[in-house]
Amino acid sequence: MAANMVLRIKLGPFVSFEIEGENCEEICQSLKGFEQLNERIDAMCSDLAERVYPDGMTTQQTGQEEST
């Protein structure tokens with residue numbers, strides 16, 4: 001009898017993904033590319049942050065965010 005497995009990972013309020021498989025081996029195979037996916041997402045978010053804050057985050061901006 002095959003069992004259906006679902007792995008849900010929530011990375012943030014708007015980012016999550018779900019992997020389904022019939023067994024642990026299928027789940028492991030699905031996760032093999034996760035490191036590459038993680039690197040690509042990091043590069044995309046870093047690029048976005050550089051576009052939004054071309055001069056970087058200043059101490060004053062960081063202090064304002066912490067107080068809200």
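The values are calculated or read from the model by the stated rules, or taken from the named source; none is laboratory data. Because the structure is a prediction, the values reported are computed rather than measured. Every residue, glycine as well, gets a Cβ built from its backbone with ideal geometry; the counts of neighbours run over all protein chains shown. The area values use the complete protein model at the heavy-atom level, side chains included, leaving out ligands, DNA and RNA. Shrake-Rupley method; radii C 1.70, N 1.55, O 1.52, S 1.80 Å.
A straight chain from R51 to L7 at 0.36 nm per residue would run longer than the Cα-Cα distance by 12.5 nm.
Can you give the local net charge around R8? Use residues other than it whose beta-carbon is closer than 11 angstrom to its beta-carbon, Lys and Arg +1, Asp and Glu -1. Don't skip to the answer; put the middle values down first.
On the way: positive: K10; negative: E18, E20.
So the environment of R8 carries a net charge of -1.
Potential lengthening of the chain between M44 and N23 amounts to 4.4 nm, from the contour at 0.36 nm per residue minus the alpha-carbon distance. Once the Cα-Cα distance is subtracted from the 0.36 nm per residue extended length, the V15 to L31 segment shows a gain of 4.1 nm.
Within 9 Å, Cβ to Cβ, of F17, how many net charges do the neighbouring residues add up to if Lys/Arg are +1 and Asp/Glu are -1? Working shown, then result.
Working: positive: R8, K10; negative: E18.
Here the charged neighbours net out to +1.
Across the range 24-31, rounded Karplus estimates of 3J(HN,Hα) from the backbone phi angles (6.51 cos²θ - 1.76 cosθ + 1.60, θ = phi - 60°) give 4, 4, 5, 4, 4, 4, 5, 7 Hz, Gly and Pro being marked x.
Leaving ligands, DNA and RNA out of it, rank M5, M44 by accessible area with a 1.4 Å probe, largest first. It would help to have the intermediate numbers written out before the result.
Numbers: M5 70, M44 125 Å².
The ranking, largest first, comes out as M44, M5.
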